[in-house]
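Inspection log for the structure reproduced underneath, given as structure tokens.
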Amino acid sequence: MEVCGSLTVSLREFGCEQSLLSRTDGSASFVQGDTSVMAGVYGPAEVKVSKEIYDRATLEVLVQPKVGLPSVRERSQEQCVRETCEASLLLTLHPRSSLTLILQVLHDDGSLLSCCLNAACMALMDAGLPMSCLFCGVTCAISTDGQIITDPTAAQEKESRALMTFAIDSAKRSVLMSSTKGSFSVHELQQCIAVSQKASEKIFQFYRDSVKRRYSKSL
Amino acid sequence: MDVSCERVGEVLLPGDEFSFEAEENISLTVPVKSEKVVCGPGLRRCGDRLVVCKSGVLRHKEPNVFWIDSQQRRYVPAKGESIIGIVTAKSGDVFKVDFGGSEQASLSYLAFEGATKRNRPNVQMGDLVFAQFLIANKDMEPELVCIDSSGRANGMGVFGTGGLLFRVSLGLVRRLLAPQSNIRSDLEHLFPCELVVGMNGRIWVKSASVQQTLIIANLLQSAETMTAQQRQQLFRKVQQGAF
């Protein structure tokens, strides 16, 4: 949860499960500490003529909060997830079809957007949709005394002066999407990006291990 | 001349790249043949490297075919594959068939054996058809036919009075249709039944009684997640329980 001098990056314990829903084309659940999100993917399926795009698939993302109806905050989270997915999916292989990604928040204890991104990536892999690279989400918080905390809990997020979420891709470790809140300097931003890129290595290794375990029966 | 790859049999994720070993000594007397590599599903070409775009196990078939074996539920149509479709509409001279893809396929009424303009085939809405894709690419509407290239039905057409249609994953269907299939040989020892397997993940079963039909359907659906040993154990238990 904390970083000293950005030499070691520690994340909360994470876990995931694939193919847990029976009616979806792909599903996954991702748990980071106490934050847990479930994702379901449908596609490529029929699309309404008003929403169809002639040369690529139409991606729709829905974020359902734990209680209540989706509001403006969920809409902005949906846009972040959608832009990341559109950058890594090969949408031109399924023109005039629709891909629907539904994220259900089961518990929010900080780093919600990055947990949504990780669950989305695992669900897209589970559905077998063609992707050019994988992506993962990492959240960094800058506390009032300037320390960088990766994967903060809700309490740490409340006390921080800046909160940043980055989506990192697996091919070149570049930043696909960034969502920031609060005030910070350019130097701090660059430090946080470097720390997130380092943390993404662990997450990608975890993806690889969990997919290997899933296919171990058929090897 | 050998195209070898050490990563065959490994689980690969989207974004992984691999290339092939080149021969170290290029002979000056023998003409060098250019090596062609055939990319199957799950692989894309990027310059002279192959990039993986689906997660799964890398498989290889002699001499030069590579593909990714992935587990998927959603069907994407491909030319030449035979599927089970449900007729949903009759518009003019064409039937609209739902096969579980992103749009409905069209099936002309002349694409049946012995069909002419005067002698129309007896196909109603809601019928099951076993057909083959004539046109199936991402840009055009998919088109089905119930005859092969020589004009004979060859098992295709309308079927399905009685029986049960259910969905399974695409991997199970490929395992059932493989030339020496263990699942199929295990099933043969159980009850006599009629089985139609569509590559879009739909299976139709008909057996002597409703109970036997349901048993076979449940066995096939549960065989997806079992290893070979567990499956044989389960089949043996059912065989003993029935007799």
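Structure above, values below:
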read-out	value
Residues of type lysines that A:LYS212 reaches as a straight line, Cα spacing below 28 Å, ignoring anything fewer than 8 places off in the same chain	A:LYS172, A:LYS198, A:LYS202, B:LYS54, B:LYS61
Mean Cα-pair separation over length for the stretch B:134-204, i.e. relative contact order, pairs under 8 Å, 6 or more apart, %	28 percent
Among B:MET140, B:PRO179, B:VAL168 the positive-end extreme of the charge dipole of chain B (Cβ point charges)	B:VAL168
Per-pair calculated FRET efficiency, R0 = 25 Å: A:ARG23 and A:LYS202 via Cβ, rounded to 0.05	0.20
Within chain B, helix-based [θ] at 222 nm, where runs of 4 or more DSSP H residues each add -39,500 (n - 2.57), nearest 500	-5500 deg cm²/dmol
Residue-span extension gain [B:ALA78 to B:GLN232] - 0.36 nm each, minus C-alpha spacing	52.2 nm
Distance from the stretch B:219-243 to the stretch A:117-164 (C-alpha centre basis), Å	43 Å
Reach of B:LYS237 by Cα under 14 Å, taken over aspartates and glutamates that are not fewer than 8 positions away in the same chain	B:ASP186
Fluctuation leader among B:SER108, B:SER207, B:SER91 - chain B, Gaussian network, Cα springs under 10 angstrom	B:SER91
Rounded FRET efficiency, nearest 0.05, which uses the C-beta distance separating B:SER19 from B:HIS189 and R0 of 56 Å	0.75
B:THR161-A:GLN64 pseudo-label distance in nm [points 7 Å out on the Cα-to-Cβ vector]	4.4 nm
Amide H partners (placed H, <5 Å) of B:ILE135, local residues excluded	B:GLU143
For the stretch B:134-188 and the stretch B:109-128, distance of Cα centres in Å	19 Å
Burial ranking of peptide ranges A:142-149, B:178-185, A:109-116 (average Cβ count within 10 Å, highest at the top)	A:109-116, A:142-149, B:178-185
Loop chymotrypsin sites (Phe, Trp or Tyr not before Pro), the stretch A:1-87 (other Cβ atoms within 10 Å of the site Cβ: 12 or fewer; DSSP)	A:TYR54
Restraint check, A:LYS51/B:LYS90; B:LYS79/B:LYS138; B:LYS90/B:LYS117, Cα-Cα greater than 22 Å	A:LYS51/B:LYS90
Where B:LYS96, B:LYS79 fall by accessible area, highest first, once all protein chains stay in place (1.4 Å)	B:LYS79, B:LYS96
Solvent accessible area, Å² - B:VAL97, 1.4 Å probe, full protein context	0 Å²
Neighbouring partner chain Cβ atoms per residue of B:11-19, average, 10 Å criterion	6
Rounded to the nearest 10 Å², the accessible area of B:GLU10 at probe 1.4 Å	80 Å²
Inter-site label distance for A:SER185 and A:LYS172 at 7 Å from Cα along Cβ, in nm	2.9 nm
In order through the stretch B:54-59: 3J(HN,Hα) via Karplus (6.51 cos²θ - 1.76 cosθ + 1.60), integer Hz, x for Gly, Pro	9, 8, x, 9, 7, 10
Inter-label distance for B:HIS60 and B:CYS46, nm, one decimal - labels placed 7 Å from Cα along Cα-to-Cβ	2.1 nm
Label zone at B:SER222, where the point sits 7 Å out along the Cα-to-Cβ direction: the stretch B:177-215 residues whose backbone N lies under 11 Å	B:215
Whole-Hz ³J(HN,Hα) from phi, Karplus 6.51 cos²θ - 1.76 cosθ + 1.60, for the stretch B:216-231, glycine and proline x	5, 4, 5, 4, 5, 5, 7, 5, 4, 9, 9, 7, 4, 5, 4, 5
Rounded to the nearest 10 Å², the accessible area of B:ARG120 at probe 1.4 Å	130 Å²
Net dipole in debye of chain B [+1 Lys, Arg Cβ; -1 Asp, Glu Cβ; about Cα centre; nearest 20]	900 debye
Choice from B:VAL123, B:VAL37, B:VAL210 showing the highest fluctuation, given a GNM over chain B with Cα pairs closer than 10 Å	B:VAL37
Note, ³J(HN,Hα) from phi for the stretch B:86-96, Karplus 6.51, -1.76, 1.60, rounded to Hz, x at Gly and Pro	10, 6, 10, 7, 10, 10, x, 9, 10, 9, 9
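The values are calculated or read from the model by the stated rules, or taken from the named source; none is laboratory data. Bear in mind that the values here come from a model prediction, so they are computed numbers and not experimental data. All Cβ positions, even for glycine, are placed from backbone atoms using ideal geometry, and neighbour counts span all protein chains on display. Each accessible area value is taken on the protein alone, full model and side chains, heavy atoms only, with ligands, DNA and RNA left out. Shrake-Rupley method; radii C 1.70, N 1.55, O 1.52, S 1.80 Å.
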